[in-house]
2 protein chains.
Amino acid sequence: MCEALAVKPRSEMTPQPGLAAQARHLIRSGAWTTHTGGMAADYVQGNLVVLPAEHAADFLLYCQRNPKPCPLLGVADPGSPRIPALGADLDLRTDLPRYRVWRDGEVVAEPADVQALWREDLVSFVLGCSFSFEQALLESGIRLRHLEAGKNVAMYRSSLMTRPAGRFAGPMVVSMRPLPAAAAIRSVQITSRFPQVHGAPVHVGDPREIGIADLAHPDYGDPIEILPGELPVFWACGVTPQAALTGAKLDFCITHAPGAMLITDLKNNQLASF
Amino acid sequence: MCEALAVKPRSEMTPQPGLAAQARHLIRSGAWTTHTGGMAADYVQGNLVVLPAEHAADFLLYCQRNPKPCPLLGVADPGSPRIPALGADLDLRTDLPRYRVWRDGEVVAEPADVQALWREDLVSFVLGCSFSFEQALLESGIRLRHLEAGKNVAMYRSSLMTRPAGRFAGPMVVSMRPLPAAAAIRSVQITSRFPQVHGAPVHVGDPREIGIADLAHPDYGDPIEILPGELPVFWACGVTPQAALTGAKLDFCITHAPGAMLITDLKNNQLASF
């Protein structure tokens, strides 16, 4: 494997032209089948959702109605595994380390490529993920303790409801990062600049306000303690569309496996809105 | 008096060219000797500090070292009561409704003009105040309950210390507004755009983190209840320099009286940083 692409603290990474393409090639070769956090850290990573064309219009509408949890970075033409705007050579069938295959709302397989499952009627959506704004937070000196502990971020099904579209509906899933008050304020400023990767927080403070009874028991990811002087800060999370897919019970769809993202050629700082 | 200039909810005010000058003329005539909140609401209002020249360099340094509580809008030449950049015709000796005269760190008089006290060695400073950012919050639909109740904002001496300069030092005074979480997040975004009128909050959440033992007993202004679902949000406050003046025990200085501000010709939206 390539040392330069190994997982390391994202703040230590420096931009290298072509690193995103190198990472995709490594993944495509089958040599990397796990998390992409920290790989090519200056590049935007994305969530993948692949659906039969009959559901694509509804899903597109769902994303447009719920831009904070479902920020669209790109949509492929029907049958195409390519989105050139996100990477000239990218192939959505092979360039993610691990996929989830869903049938009737259940995960039935987690393969490392989906070439054998590809169909001419599949439409692919790439959505922004929190890795980009976490990188911006780290570069501003904000400590993210889940990363320091090597844990996944804590995620919760909230009582905030998404705006439905067709069969797609359900609760907004939120990720939570404990931050001291000054960092919480700064994090609003920083993440406001990145609307395509979830943008500003959706909540801060009392978790019961958004229907979360117990922070110690996240619905996804790993729990993290709130230390004295910290506030829980909640962002819309890219798991939201997966929750909507579960509820929609489509006969077939494909997503990335958690943490195993598409690495695009976009730089994080290209997403900054001002 | 002029009906157009009467205090009313700031959100109901619409821009009118020359309204700031009209308000200053009304005040100069002696017909208005009380609060300026709500007068010419689209125009920037400022705190006034007038010092003997021997202390001016230290006070200027104090402001530059503490831009959040002491955001400088303008400084007059020694002996001059004019700052043309803030209003072509303004006269700092007559254009505020009420002043405070300080001797040896104590308020000794609250006159409606200070022409008789003016000296050739006095240097005047105008500092941004929270009226501008409150106006921006109101225009974004954020409710400010102290205004709705006709109260002064609650202010506290915090344990955050200012960076000293010469004889000027002391705690940062903060103003507190209770806001629901979504409004608290939005308020960070909005006030970040206005660094010349205190900018982003300095704290959110637990008041003990910044040395405030009891929100029900503010050091200045009126108490306000924190309702269920609200967070206390704290901004640096323009009372900070007055606290520093008290500590500095200058033999003589002049400030505005609380709430009786200088109305400038700058529009609030001219201060927006992006």
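Tabulated values for the structure
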quantity	calculated
Checking B:Arg163 against (1) out of contact with any Lys or Arg (no Cβ under 6 Å at 6 or more places or on another chain); (2) more than 14 Å from every other protein chain (Cβ to nearest Cβ); (3) assigned to a loop (DSSP other than H, G, I, E, B), the condition it does not meet	(1)
Filter pass, B:Pro111 being more than 24 Å from B:Leu61 (Cβ to Cβ), in a loop (DSSP other than H, G, I, E, B) and over 15 Å from the mean Cα position of the chain (by Cα)	yes
Criterion violated by A:Ser80 - all others in (1) closer than 18 Å to A:Ala257 by Cα; (2) among the small types (Gly, Ala, Ser); (3) at pLDDT 95 or above satisfied	(1)
Conditions (1) under 23 Å from B:Cys253 (Cα atoms); (2) within 14 Å of chain A (Cβ to nearest Cβ): number failed by B:Arg193	(1)
Hits in region B:24-39 - residues which are buried (at least 24 other Cβ atoms within 10 Å of the Cβ), within 14 Å of B:Leu90 (Cβ to Cβ) and in contact with a helix residue (DSSP H, G or I) (Cβ under 8 Å, 6 or more places away or on another chain)	B:Thr36
Residue count, region B:163-191 (criterion: surrounded by fewer than 22 Cβ atoms within 10 Å (Cβ to Cβ) and without any contact (Cβ under 8 Å) to a residue 40 or more places away in the chain)	2
All positions within region B:221-255 that are part of a loop (DSSP other than H, G, I, E, B), more than 14 Å from every other protein chain (Cβ to nearest Cβ) and either among the β-branched types (Val, Ile, Thr) or under 30 Å from B:Val123 (Cα atoms) (or both)	B:Gly221, B:Ile224, B:Cys237, B:Gly238, B:Lys249, B:Leu250, B:Asp251, B:Phe252
Out of A:His203, A:His217, A:His198, sole residue that is touching a Leu at 6+ places or on another chain (Cβ under 9 Å) and not assigned by TED's automatic domain parsing to the domain that holds A:Val44	A:His203
The one condition in (1) in contact (Cβ under 8 Å) with a residue 60 or more places away in the chain; (2) within 22 Å of B:Leu179 (Cβ to Cβ); (3) surrounded by 18 or more Cβ atoms within 10 Å (Cβ to Cβ) that A:Leu215 fails to fulfil	(3)
One residue from B:Pro180, B:Pro218, B:Pro171 being at the interface with another protein chain (Cβ under 10 Å from one of its Cβ atoms) and of a type outside the set (Gly, Ala, Ser)	B:Pro180
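The values are calculated or read from the model by the stated rules, or taken from the named source; none is laboratory data. Just so we're clear, the structure is a prediction, and the values are computed from it rather than from any experiment. Methodologically, a virtual Cβ is constructed for each residue, glycine included, from the backbone with ideal geometry; neighbour enumeration extends over all protein chains shown.
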